[in-house]
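> Before I ask anything, here is the structure I am working with.
The values are calculated or read from the model by the stated rules, or taken from the named source; none is laboratory data. Computed from a predicted structure; not experimentally measured. With ideal geometry, Cβ positions are generated from the backbone for all residues, glycine too; neighbour counts draw on all protein chains shown. Only protein heavy atoms, including side chains, enter the accessible area calculation; ligands, DNA and RNA are left aside. Shrake-Rupley method; radii C 1.70, N 1.55, O 1.52, S 1.80 Å.
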Amino acid sequence: MEKLLSYPISIIYYLCFGLTLVIFHPIQWICFNVFGYQAHKKSVDYLNFFLVKCTNLLGTSYTFRYRNLIPENVPIIFVANHQSLYDIVGIIWYLRKFHAKFVSKKELGKGIPSVSYNLRHGGSVLIDRKDPKQAIPVIKGLSEYIEKNKRSAVIFPEGTRSKNGKPKEFAQSGLKILCKYAPSAYVVPISINNSWKMVKFGPFPMGLGNNLQFIIHEAIPVSEFSFEEIMEKTEKAVTQSIKI
């Protein structure tokens with residue numbers, strides 16, 4: 001019944017979602033090229049605000065727990081499991097005060113209105129997953145950026161989305177580089193639940209009536225632990241709060 005009902009609602013949703021991306025593409029361009037970083041960042045924030053509102057058409061709601069645990073005025077490395085693109089929409093809007101920058105695959109850097117432009121110009125980095133050597137200096141640059149500007153990086157160490165919510169094994173390399181070159185950063189684990197249900201039928205139709213839960217865990221100061229301890233603590237914190 002849900003799938004049948006979702007067909008007409010999903011059509012309306014995709015029209016609104018696509019229109020939002022198209023409208024905000026020139027807005028981003030003007031903000032970035034005329035007014036600079038802060039204006040561009042605001043445009044991206046409100047792009048994601050409207051994308052969140054688009055998902056509300058599907059009955060989607062968002063819950064962020066324990067945001068008070070995130071340290072302020074320090075570099076942050078958010079580490080989360082990955083279930084769908086709605087992880088990103090939620091993080092950008094609800095954690096907007098932390099200026100989140102993403103480690104993304106290079107394929108997303110072209111062809112998608114608004115999204116590709118922000119990834120190329122908003123401080124995020126694009127990596128070639130087939131060429132690990134290329135990723136090292138790119139992620140190093142992001143580390144140095146958040147260290148200098150006291151902003152945040154977001155990394156999904158599973159490398160690819162989970163289609164059923166079950167977490168995959170965490171890769172170490174990206175997080176290790178971020179920790180090495182942002183020594184004053186705090187690693188903040190995030191457990192994401194129910195995001196995969198948005199696309200449980202595939203890209204069309206959409207899942208209806210889902211509550212996306214983002215559970216934020218206690219921050220881990222990079223300077224006080226070995227990387228092995230950081231990795232163990234982070235993966236344990238993320239995975240133990242994932243509900244299948």
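> Any idea how many residues of the range 132-154 are of a type in the set (A, V, I, L, M) and out of contact with any Leu (no Cβ under 9 Å at 6 or more places or on another chain)?
Residues that pass the stated criteria total 2.
> Same structure, new question: Six or more apart or on different chains, Cβ atoms under 8 Å: show the pairs whose first residue is in the range 8-35 and of a type outside the set (Val, Ile, Thr) and whose second is open to solvent by 80 Å² or more (accessible area, probe 1.4 Å).
Final answer for the pair search is SER10/PHE204; TYR13/LEU57; TYR14/PHE204; CYS16/LEU57; PHE24/TYR46; PHE24/PHE50; CYS31/LYS42.
> A further question on this structure: Taking the range 1-59, which residues are under 20 Å from ASP87 (Cβ atoms) and open to solvent by 60 Å² or more (accessible area, probe 1.4 Å)?
If the condition is that a residue be under 20 Å from ASP87 (Cβ atoms) and open to solvent by 60 Å² or more (accessible area, probe 1.4 Å), then TYR14, TYR46, PHE50, LYS53, ASN56, LEU57 are the ones that fit.
> Applying the selection to the range 205-244, what residues are closer than 17 Å to ARG161 by Cα, open to solvent by 50 Å² or more (accessible area, probe 1.4 Å) and not in a helix (DSSP H, G or I)?
Scanning the range 205-244 gives LYS243, ILE244.
For every residue, the table says whether it meets (1) buried (at least 21 other Cβ atoms within 10 Å of the Cβ); (2) at pLDDT below 95; (3) in contact with a Phe, Trp or Tyr (Cβ under 7 Å, 6 or more places away or on another chain); (4) in a loop (DSSP other than H, G, I, E, B).
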site	(1), (2), (3), (4)
GLU107	no, yes, no, no
SER116	no, no, no, no
GLU169	no, yes, no, yes
CYS179	yes, no, yes, no
VAL188	yes, no, yes, no
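> Report yes if SER191 is of a type in the set (Ser, Thr, Tyr), over 13 Å from HIS82 (Cβ atoms) and either in contact with a Ser or Thr (Cβ under 9 Å, 6 or more places away or on another chain) or touching a residue at least 12 places away in the same chain (Cβ under 8 Å) (or both), otherwise no.
Answer is no for this residue.
> Scanning for something touching a His at 6+ places or on another chain (Cβ under 9 Å), open to solvent by 30 Å² or more (accessible area, probe 1.4 Å) and assigned to a helix (DSSP H, G or I), does the range 60-69 turn up at least one residue?
yes
> Of the residues GLY141, GLY90, which is assigned to a helix (DSSP H, G or I) and crowded, with 21+ Cβ neighbours inside 10 Å?
GLY90
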